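Every number in this text was worked out from the coordinates using simple rules, so none of it is lab data. Treat the numbers as computed from the prediction; the structure is a model and nothing was measured. Positions of Cβ are generated from backbone atoms using ideal geometry, with glycine treated the same way; all protein chains shown enter the neighbour counts.
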Amino acid sequence: MSDAQKTGTGWLATLRKPSVRYSLLSLLGGGFVAGIIFWGGFNTAMEATNQLEFCISCHEMRDNVYQEYKKTIHYTNRTGVRAVCSDCHVPRDWIHKMGRKIQASQEVWGKLTGTIDTREKFQAKRLELAQHEWARMKKSDSRECRNCHSYDGMNMEIQNKTGKKKHTQAALADSGKTCIDCHKGIAHELPEGAPTEE
């Protein structure tokens, strides 16, 4: 047996051996406290990445989509309710949120490798990026839109004729329509070549 194997086996044996110095209760209590500290730190970090300031901390977002978003009703409106990036782009429930955070690591990779670090590069990839987001929203039945908007909460009588017709049709369970089908470009400019409605 090589020295490396002996060392590996030695560590494994040490981990399996009962503790002589600490009681099982101390070890469990310490593990519990460490778990709470880890979980609290992890959740704090996740929430920090959901803040508008974090989202626009890279110039790709600040100089492009953020400037467009500031001109929309989601940024400034008569009620003073503002939807920030995470309201539309990050699910609220934990499992889907973690999936989205893992998916967002590709966006961080784009930042690190410089594939969207200029306005020209961003515009060249914009349709592809938008299509990924539209597909995600379609697959989730526009879950993040529905966190704030619902057919039950809409007063269709005060909507314009087209809106009333489309919302009434979309509200049918078997319509297959979801918010993003008609509302592409609601908070950001549509990329060149993008369909506005399916």
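Side notes on the structure shown:
- Label sites at K121 and H59, each approximated as a point 7 angstrom past Cα along Cα to Cβ, lie 1.1 nm apart.
- Residue exposure sequence - K161, K101, K166 - by fewest surrounding Cβ within 10 Å: K161, K101, K166
- Farthest positive-ward along the chain dipole, Cα basis, beta-carbon charges - from N43, G110, A130: N43
- Listed cross-link partners K125/K177; K125/K161; K70/K111; K70/K161 are compared with a 24 Å cut-off, the Cα-Cα value being larger for K125/K177; K125/K161; K70/K161.
- Cys residues of the chain counted as unpaired, since no other Cys beta-carbon is under 4.7 Å: C58, C88, C148, C182
- Most mobile of L127, L52, L12 in a GNM of the chain (Cα contacts under 10 Å): L12
- Highest-MSF residue in the chain out of S23, S175, S86 [GNM, Cα springs under 10 Å]: S23
- Each of E144, E53 has some number of other Cβ atoms within 10 Å of its Cβ, and from fewest to most they run E53, E144.
- Descending semi-axes in whole angstrom, ellipsoid equivalent of region 119-162, from the Cα gyration tensor: 30, 15, 8
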